[in-house]
Amino acid sequence: MSETITETTPAFVAKHRFARITQRKARFVADMIRGRNCNEVLDLLEFSPLRAATFYKRVVTSAMANASHDEQVNVNHLYICDVRADDGPMLQNRLRWRPGPQGRAMPWAKKTSHLTVIVKERPLKG
């Protein structure tokens, strides 16, 4: 009878909650970095012109720092296994109003989002 030992690599999570950016704009950057090596992602986010890149750069750096606390994890082999941009509440939980044409009021929602990055160590081949 042979036993198979399945070694699961731990996942390390970092979140930025209530980020002052809409989730739709943040998902452009989330799709860009999903599945890539963390060191490659930091270089990619450094020179990205998108505003969400600075938010995600901080979150990826935090997730890598969380992983570095575990002595068994090689930080150079980390990759982003999951990245999300979920919608958060509106700022101050209400709509704001701007003047519209002919004396009307137009609603204006200041949206927030919850940014989540999960990193794992890439298993070595062999």
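Looking at (1) of a type outside the set (A, V, I, L, M, F, W, C); (2) in contact with a helix residue (DSSP H, G or I) (Cβ under 9 Å, 6 or more places away or on another chain); (3) surrounded by fewer than 16 Cβ atoms within 10 Å (Cβ to Cβ), which one does Tyr56 not meet, given that it meets all the others?
Of the numbered conditions (1) of a type outside the set (A, V, I, L, M, F, W, C); (2) in contact with a helix residue (DSSP H, G or I) (Cβ under 9 Å, 6 or more places away or on another chain); (3) surrounded by fewer than 16 Cβ atoms within 10 Å (Cβ to Cβ), the odd one out for Tyr56 is (3).
Just checking, which of Met90, Met64 is surrounded by 12 or more Cβ atoms within 10 Å (Cβ to Cβ), touching a helix residue (DSSP H, G or I) at 6+ places or on another chain (Cβ under 7 Å) and of a type in the set (A, V, I, L, M)?
Met64 is the lone residue from the list that is surrounded by 12 or more Cβ atoms within 10 Å (Cβ to Cβ), touching a helix residue (DSSP H, G or I) at 6+ places or on another chain (Cβ under 7 Å) and of a type in the set (A, V, I, L, M).
Exactly one condition in (1) among the aromatic types (Phe, Trp, Tyr); (2) within 19 Å of Arg24 (Cα to Cα); (3) modelled with pLDDT of 95 or more is false for Trp108; which is it?
(3)
Counting only residues that are buried (at least 19 other Cβ atoms within 10 Å of the Cβ), more than 16 Å from Met64 (Cα to Cα) and among the aliphatic types (A, V, I, L, M), which one in the stretch 21-52 is nearest to the chain's Cα centre (by Cα)?
Ala30
How many residues, within the stretch 100-126, are over 14 Å from Ile21 (Cα atoms), aliphatic (A, V, I, L, M) and either in contact (Cβ under 8 Å) with a residue 24 or more places away in the chain or assigned to a helix (DSSP H, G or I) (or both)?
4
The values are calculated or read from the model by the stated rules, or taken from the named source; none is laboratory data. Model, not experiment: these values are computed from the prediction. Methodologically, a virtual Cβ is constructed for each residue, glycine included, from the backbone with ideal geometry; neighbour enumeration extends over all protein chains shown.
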